[in-house]
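To keep things clear, I will list the structure first and then write my remarks on it.
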Amino acid sequence: MPISLNRRALAGGLIAALGASAAGPAFGQAAQYGRIARRESQYATTYIDRDGRYIAMRFGINTCLFTESLYNPADPTELPVTYTQFMTVALAYTNRATRMAEIGLGGGRIASYIHDFVPTSNITCIELDPGVVDLAQRHFGVRQDARLRIVTRDGRVFMARDNVSYDIIFVDAYQGTLVPFHLVTQEFYRILKRRLASGGVVAQNISPDVLDVNRMVATARSVFANADLYQGGGNEVLIAYDGPPKTAAQLTARATELQTAYRLRYPLANMLRTRRANVTAGGARAFTDDFAPVGYRDLDRRCRTGRG
């Protein structure tokens, strides 16, 4: 069952949403609820909880907990949170599904899914918090090998210093209610553009309770020729790329090719039907390094003052 919740969903709301589907034991004692692990780092407090059939990664701010990733140990290729499924639509935008990067590992669901279904893929995951890397490997089935490696570093710093060209760059970096502002700006997108191979694309998860969607579109369109949007549950998925706009026929043909070759669990053609092509920013101003007011909504302030 896909969970169509905003990625920043509060823990209590998530448990309520999952309650009906987790009524019976699905994996050993997976019907139980409770804390598995807690990890303090200089960046965040991270919790690993069992929620029925799922394992949840959450970040904490005082008494507020925000769900980062969900993993089904009995069904490792499931992507329970809808936006993670829609992030994979980026595969249809490039003729090569070979070299990819993901900024923000979390529970590693997107990278692990592509690794499992697309054997030609080589994925580099860049995660700032070494505690998150450890928890993802311990509790979320994330395994490094010749085709999936993890680098513990700031995503922007890594991309600025890297000399590899990528077919797809996924951006999914959050901490609780916050998104690091330097990972949404025009200057950051210019760095990503330099790291893309010819015909490459950027796919970014946008949580509307943290980021202004119009301003994210404005930022992408200030650097790339095209920006498409997909509604992924409570989140938006932004696809930014250069060159002529992709037609529906081109994307569908590529999606069909990939489906035939790899038998993807979540067919891309179904997602492409919801595409909003070459969206406009409605006059919004792009985020820049000197002006990127993100993540300071009322919920964040309440959590940080202990009133969430």
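Worth pointing out:
- Farthest towards the positive end of the charge dipole of region 82-272, among the residues Leu251, Asn214, Gln204, is the Cα of Leu251, using unit charges on the Cβ of Lys, Arg, Asp and Glu.
- Region 162-217 and region 83-152 have Cα centres spaced 15 Å apart.
- For peptides 69-78, 39-48, sequence by mean Cβ density within 10 Å, most packed first: 69-78, 39-48
- For the Cα trace of region 82-272, dividing Rg by the Kirkwood Rh returns an Rg/Rh value of 0.93.
- Nonlocal amide H pairs with Ala197, under 5 Å, H built at 1.01 Å: Tyr166, Asp167
- Of all DSSP bridge pairs formed entirely within region 82-272, close to 45 percent run antiparallel.
- Close amide H pairs (under 5 Å, H built 1.01 Å from N) link Asp51 with Ala56, residues at least 5 positions away or on another chain.
- Sorted by Cβ density within 10 Å, fewest first, the residues Asp167, Asp242, Asp212: Asp242, Asp212, Asp167
- Spin-label pair Gln250/Ala277, simplified geometry with 7 Å Cα→Cβ offset, distance in nm: 0.9
Rule-based calculations on the coordinates, nothing more; no lab input. Please read all numbers here as calculations on a predicted model, not as lab measurements. Using ideal geometry, Cβ is built from the backbone for each residue, glycine included, and neighbour counts are taken over all protein chains shown.
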